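Each reported figure results from applying straightforward, stated rules to the coordinates on display, with no laboratory input. Quick caveat, the model's predicted, so the values are computed rather than measured. Cβ placement follows ideal geometry from the backbone for every residue including glycine, while neighbour counts extend to all protein chains displayed.
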Amino acid sequence: MFPSREGFSVVQETVSANTEPDFCLFKILQRPDERLYEYEFMLVECKRQGEPWDTTQNHFQDHLEGNNNESKNCYGMVQIGLVVQFYKYENHNLSTVGGQMHLINNANDVVAWGRRIKDNPMPFV
């Protein structure tokens, strides 16, 4: 859904610090002066089945608030077990994007929301 040929790069957390999301999806763009830059398109947090949504969402909001984009806008996704929820952190406000979806039972919906997010990037600078 986010191929490298379109400028996306997925990086897994390399340290076990509690201050980092599990994955970061970067997008590489070119500035008008030809310099390349990358921004954090989406942060991802994965938890085992049974972890509480409220606690995970609150912890994840800290990740989104601390993103490295100039605008501080960033998409997010939390996965607990086989259930996912997309988020949007824009203008210092966290909101959900779509509803919670099961990765198997709602696979088409997960892909559709992922495409919608990809097709509607927020201002990152």
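For every other residue with a beta carbon closer than 13 angstrom to the beta carbon of Val78, add +1 if it is Lys or Arg and -1 if Asp or Glu, then tell me the sum. Combined, the nearby Lys, Arg, Asp and Glu give -2. Our coupling estimate for segment 109-125, obtained by passing each phi through the Karplus curve with A = 6.51, B = -1.76, C = 1.60 and θ = phi - 60°, is 5, 4, 5, 4, 5, x, 5, 4, 5, 4, 7, 10, x, 8, x, 9, 10 Hz, Gly and Pro reported as x. Over the chain, dividing the summed -39,500 (n - 2.57) contributions of all DSSP H runs of at least 4 residues by the number of residues returns a 222 nm mean residue ellipticity of -6500 deg cm²/dmol. Between Ser71 and Val125, the built amide H atoms are under 5 Å apart, and every one of these is 5 or more places off in sequence or on another chain.
When each of Trp53, Trp113 is scored by the number of other beta-carbon atoms lying within 10 Å, the sequence from fewest to most is Trp53, Trp113. The H on the amide N of Phe41, modeled in the peptide plane, is under 5 Å from the matching H of Leu25, Phe26, Lys27, each at least 5 residues off or on a different chain. Scanning residues 5 or more positions from Cys46 or on other chains, those with amide H under 5 Å from its amide H are Asp22, Gln79, with H placed 1.01 Å from N in the peptide plane. The magnitude of the dipole of segment 1-90, with charges of +1 and -1 set on the Cβ of Lys/Arg and Asp/Glu and taken from the Cα centre, is near 240 debye. Estimated at 0.36 nm per residue, the fully extended path between Asp33 and Met1 surpasses their Cα-Cα distance by 8.6 nm. When the Cα positions of Met1, Asn67, Asn91 are compared along the charge dipole of the chain, Met1 comes out farthest toward the positive end, with charges on each C-beta of Lys, Arg, Asp and Glu. The alpha carbon radius of gyration of the chain, expressed as a multiple of 2.2 N^0.38 Å, is 1.04. Annotation: extensible slack from Asp62 through Val10 equals 16.7 nm (criterion: 0.36 nm per residue apart, minus Cα-Cα distance).
What is the fewest-to-most order of Asp119, Asp109 by other Cβ atoms lying within 10 Å of their Cβ?
Asp119, Asp109
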